[in-house]
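For reference, the structure discussed in these notes is given below.
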Amino acid sequence: MTNLNNKDLLQKQSYRYELPLELIAQTPVEPRDSSRLLIYNKKTNNIEHKHFYDIVDYLKKGDVLVINNTRVLPARLYGFKETGAKIEVLLQKRINLTDWEVIAKPFKRLNKGTKIVFNEKLYCVIKEKYDYGSCYVSFYYNGVFEERLSEVGQMPLPPYIHEKLKDKERYQTVYSKVEGSSAAPTAGLHFTPELLNKIKEKGVEIVEVLLHVGLGTFRPVKEDNILEHKMHSEYIEMSEENANVLNKAKNEGRRIIAVGTTSVRVLESCVDNNGVIIPQKKQTDIFIYPSYKFKVVNALITNFHLPESTLIMLVSAFVGYDQTMLIYNTAVKEKYRFFSFGDAMFLF
């Protein structure tokens, strides 16, 4: 056990752990549900080592599994300035039908008014530059934006993945529907249609919510004091029908199991002070770190996250700091695969 106090838990360096580079997964496993699954029981402090398809054995009739049905856009674009210089543009957050907040590189060579051409049907113009490395751009195109994007865009794999993705669909969940994310909700990548059917046959309800994942989610925190970290906001939706299902489950004392930290953020952003889940469509910038009291989520399926990221802080809030460090150090020792294409854990 550590001797960290509440003040220590607000320090970024508390969320460091040693990760050998060879444990960063470069390619997804096949089939999807053959990835490994670390099981952690909060009540017993017990760890088990299974495979993802074994998740069925840990779910029970009446549980509600909450999944994020967002779909990743081919959000990485390569274009050219009128000078011929090559520019990379990464879509980060949609503002309206034509305007986006993007990350553009090389940032220093871009000015307000710079035109970046991707092909004869698609270009953008920089309208604003922000201090933190992002730009506000307007896109100009013929036809439908999503069609133009699919012609030139590439899957926005994280920078720690160096292997080329053979099949674009492997960076989508099998239940993805609503395009708008800059990154995948990676905990959902382990499910297959067959596994989902087995889960339903066991009497588990599956509820879909929406959070369009922005790149800010995955970035390590830069500030030493995590309270100074500014979360990027992300668009979420909770339908009235699904809010009713979740409220009924809560009232009946059934477990609500979030698939991924994105589902956690939707659930914990849509609940009022009385614990009632409210249907809504809005932006959320919820930041969950130790001392946060969960109002909805009883169990969590998630991947292994980057050191010093807001996601490992969320896990620490859910199971406790010492327990999180125990889980991560065990996973390193047992040679689990880490990050987006890595293995998963089930915390309950």
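Any read-out appearing in this document is the output of simple, stated calculations on the displayed coordinates, not a laboratory observation. This structure is a prediction, so every number in the text was calculated from the model and none was measured. Backbone-built Cβ (ideal geometry, glycine too); neighbour counts: all protein chains shown.
Assorted remarks:
- Environment charge at E101 (Cβ cut-off 10 Å; Lys +1, Arg +1, Asp -1, Glu -1): 0
- Looking at segment 178-222, the trypsin sites (Lys or Arg not before Pro) that sit in a DSSP loop and have at most 14 other Cβ atoms within 10 Å of their own Cβ are K202, K222.
- Spatial extent of the chain: Rg and Dmax, with the Cα atoms as the point set, Å: 20.5, 64
- Counted over all Cα-Cα pairs of segment 13-155, pairs farther apart than 22 Å make up 59 percent.
- Over every Cα atom in segment 251-348, the radius of gyration and the widest Cα-Cα span, Dmax, amount to 14.0, 42 Å.
- Qualifying GluC sites (Glu not before Pro) in segment 65-101, DSSP loop, other Cβ atoms within 10 Å at most 11: E82
- The chain - mean residue ellipticity at 222 nm from DSSP helices (-39,500 (n - 2.57) per run, n ≥ 4, rounded to 500): -5500 deg cm²/dmol
- Potential extension, S150-N6 segment - 0.36 nm per residue separation minus Cα distance: 47.1 nm
- Radius 9 Å from Cβ of L90, net charge of other residues (Lys, Arg +1; Asp, Glu -1): +1
- Projected over every direction and averaged, the convex hull enclosing the alpha-carbon atoms of segment 158-199 yields 3.7 nm².
- In this simple spin-label approximation, N45 and K166 carry label points 7 Å from Cα along the Cα→Cβ vector, and these lie 4.4 nm apart.
- Within segment 301-338, the trypsin sites (Lys or Arg not before Pro) that combine a DSSP coil assignment with at most 12 other C-beta atoms in a 10 angstrom radius are K335.
- Max-minus-min Cα coordinates of segment 76-152 on each principal axis give 32, 27, 19 Å, with the largest extent listed first.
- Modelled label positions at E30 and N247, each set 7 Å beyond Cα in the direction of Cβ, lie 4.6 nm from each other.
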